[in-house]
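**Q** Sharing a structure with you now.
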Amino acid sequence: MLQNSARTSPKPGKQLKKAFFGRSVHEVAPDLIGATFLVDGVGGIIVEVEAYHHTEPAAHSYRGPTPRNSVMFGPPGFTYVYRSYGIHWCVNFVCEKAGSASAVLIRALEPTHGIPRMRRRRGLPDERSLCSGPGKLTEALGITHAHNGLPLDAAPIALYARTAKPDVVTGLRIGITKAVDLPWRYGLRDSKFLSRPFA
């Protein structure tokens, strides 16, 4: 199992390289479930993500490049960090070939590394609430706009492949008003660390 207790989480697999992200966003997104995402040694197991493709209007890249989304139009394997509703930072992983402008939003983690630091940053004792949403996890990991455009295979970021194939479920994306019928949200079945249960 890839869930339940952070204290019994499996040891991460090999470190992921940029080539991992040079594929369809719809292949990368479910393959990230069970991977370990760390920033300066703090983070955990990815349990929920959403895919965004440049061809659909919910993607920030749908109307073309801007100063805000320019990282999305570059090569795969880099972070795209933006502020949501002027309040929370959100972190995405850029996928597909340069110019495709597609990315995976990281929605939730199971905390496994640096939990005391996460608790201090979030002001919460409950592990289930530390990273159960895209804004929560960036606060817990200390991610800001300063992390925008960073490579996913070099410090301060570390990504490790999953060591077992998880039970991945799919559903509709959350908090959007366009392309709401696309089932491009992926998660670890029955994880208690999700931002919202799957129907």
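**Q** Using Cα-Cα distances under 8 Å and only pairs 6 or more residues apart, what relative contact order does the chain have, in percent? Don't jump to the answer; show the numbers that get you there.
**A** Working: 500 pairs, mean separation 58.8, N = 199.
Reported relative contact order: 30 percent.
**Q** What is the distance, in nm, between label points placed 7 Å from the Cα along the Cα-to-Cβ direction at ALA146 and at GLU27?
**A** That separation, rounded to one decimal, is 3.6 nm.
**Q** Among the trypsin sites (Lys or Arg not before Pro) within region 102-199, which fall in a DSSP loop and have no more than 16 other Cβ atoms within 10 Å of their own Cβ?
**A** Passing both the DSSP loop test and the Cβ count: LYS178, ARG189, LYS192.
**Q** Which semi-axes, in whole Å and largest first, does the equivalent ellipsoid of the chain have when worked out from the alpha carbon gyration tensor as the square roots of 5 times its eigenvalues?
**A** Computed over the chain, the values are 24, 18, 17 Å.
**Q** Now a separate question. If you put +1 on each Lys and Arg Cβ and -1 on each Asp and Glu Cβ, how big is the dipole of the chain around its Cα centre, in Debye rounded to 20?
**A** Roughly 340 debye, rounded to the nearest 20.
**Q** Oh, and also: Based on the alpha-carbon set only, what is the convex hull volume of region 118-196 divided per residue, in Å³?
**A** Values: hull volume 11.5 nm³, N = 79.
Taking only Cα atoms, region 118-196 has a hull volume of 146 Å³ per residue.
**Q** Here's a follow-up. At 0.36 nm per residue, and after removing the present C-alpha to C-alpha distance, how many nm does the segment from ARG120 to LYS192 gain when stretched out fully?
**A** Between ARG120 and LYS192, full extension yields an extra 23.8 nm.
**Q** Leaving out same-chain residues fewer than 8 places away, which lysines sit with a Cα under 21 Å from that of LYS165?
**A** LYS165 reaches LYS11, LYS14, LYS17, LYS18, LYS192.
**Q** Fully extended, how many nm does the chain gain between ARG83 and ARG63 (0.36 nm per residue separation, minus their Cα-Cα distance)?
**A** Using 0.36 nm per residue and subtracting the Cα-Cα distance, I get 5.4 nm.
**Q** Same structure, new question: Modelling each spin label as a point 7 Å along the Cα-to-Cβ direction, I'd like the GLN15/SER70 distance in nm, to one decimal.
**A** Here the modelled spin labels are 2.8 nm apart.
Quick note: the coordinates plus some simple rules give every number you see, no bench work behind them. Given the structure is predicted, the values throughout are model-derived calculations rather than measurements. In this analysis, Cβ positions are derived from the backbone assuming ideal geometry, glycine residues included, and neighbour counts consider all displayed protein chains.
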